[in-house]
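The structure appears right after this line, and notes come after that.
The values are calculated or read from the model by the stated rules, or taken from the named source; none is laboratory data. Keep in mind that what you see is a predicted model, and the values were worked out from it rather than measured. Cβ sites come from the backbone with ideal geometry, for glycine too, and all protein chains shown count toward neighbours. Only protein heavy atoms, including side chains, enter the accessible area calculation; ligands, DNA and RNA are left aside. Shrake-Rupley method; radii C 1.70, N 1.55, O 1.52, S 1.80 Å.
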Amino acid sequence: EKLLSRTFERTEHAIAMIIDDTSPLDEDFTSGFQNLAVLRQRNDHLSNTGIPWRIFLFSDLERENFPVYRTYILPNCFRLTPRKLSLIRKKLMRHGSVVILGPGTGISDGEKTGPEMLSKLMSMPFGIDKVESARRVLVYGGSHKALANMRGPVTFGDSYAYGPILYPAGDVTRGGAVELGKESTWWQGNRSGLVIKEFGKGPLGNGLKGARGTGDCALVFTMATPLPAALLRSLAIYGGCNPWSDLGDVVAANGNMLAVHSIRPGKRTIRLPKPYQISDAVTGEVIGKKG
């Protein structure tokens, strides 16, 4: 009864996956990419970060009270209209967050295919190869503060071929971005496959002092999917997200409840975003008090 009657209290220390359920209208209905970017991303990696996660539809961004989270991932936002662009900037790019953009982000403006909308969102040039290819990205673990909480290097991606291919064009540093990893495809190779660009004061984890507000964030673009749990976790921590439990643990948490499901034995370090009185959710027994 104590467990089921607890009041839900939202926490911003979570990763929110924003799914565009209209995205199949802009693809060939084979569902291969959707399986990689949504199902496998969620089940194999997002759930194993040691950080709680939430699922929303892109249409939820229309809500006035859409909640703030430390990290967002948009796995399949293919069609990027001016309205969607405005919603991303207003509802996601704020308060020092990290926003992760999937490989096909903005590939359509609703009328034509091209890199223009992604270039507009990232404020840097992108190109397009109208071919299909399997994707891999080699990440330089620890080379940037955004990667400080993962070991590296690590390669991620899959053998499934899809396209067209959006890619950062030219020297990404000229666009104010930083290369976090190299891409490898059947079509090309050795281009920037994972990039991060900070806006305003940037994310909470970049070391700059001061509060964050509207426009203070970092955008991350990846040419491959799914992103591994270790990378998601490190990017989330860079966005100021509290790492509740260890990498590999499945965490369900809100502002007044924490549950951890572990796939391996051993001790755990549980980290809370602020001091709490801790009690057993079933018995009500006090385990620890605010320190």
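Identification of strands (runs of 3 or more DSSP E) wholly contained in the stretch 204-291 with 1 or more residues that are open to solvent by less than 30 Å² (accessible area, probe 1.4 Å), on the phi > 0 side of the Ramachandran plot and charged (D, E, K, R) yields no element.
Being within 18 Å of the chain's Cα centre (by Cα), more than 15 Å from GLY189 (Cα to Cα) and crowded, with 17+ Cβ neighbours inside 10 Å is a property that does not hold for LEU138. Only one entry of GLU111, GLU116 meets the criterion of being under 24 Å from GLN34 (Cβ atoms), in contact with a strand residue (DSSP E or B) (Cβ under 9 Å, 6 or more places away or on another chain) and among the charged types (D, E, K, R), and that entry is GLU116.
The set of residues in the stretch 179-203 that are modelled with pLDDT under 95, open to solvent by 40 Å² or more (accessible area, probe 1.4 Å) and small (Gly, Ala, Ser) contains only SER184. Before we move on, is ALA14 open to solvent by less than 20 Å² (accessible area, probe 1.4 Å) and either without any contact (Cβ under 8 Å) to a residue 12 or more places away in the chain or touching a Gly at 6+ places or on another chain (Cβ under 9 Å) (or both)? The answer is no for ALA14. Just one residue in the set SER119, SER143 is part of a loop (DSSP other than H, G, I, E, B) and either farther than 26 Å from SER86 by Cα or of a type outside the set (Asp, Glu) (or both); that residue is SER143. Of the numbered criteria (1) farther than 27 Å from SER119 by Cα; (2) of a type in the set (Lys, Arg); (3) surrounded by 20 or more Cβ atoms within 10 Å (Cβ to Cβ), the one ARG54 fails is (3).
Taken together, the residues in the stretch 167-203 that are part of a strand (DSSP E or B), over 18 Å from CYS241 (Cα atoms) and aliphatic (A, V, I, L, M) amount to 5. For the stretch 72-96, taking the residues that are touching a strand residue (DSSP E or B) at 6+ places or on another chain (Cβ under 8 Å) and free of Cβ contacts under 8 Å to residues at least 60 places away in the same chain, the one that is most open to solvent (accessible area, probe 1.4 Å) is identified as ARG79. With respect to (1) over 11 Å from the mean Cα position of the chain (by Cα); (2) in contact (Cβ under 8 Å) with a residue 12 or more places away in the chain, the lone exception for TYR69 is condition (1).
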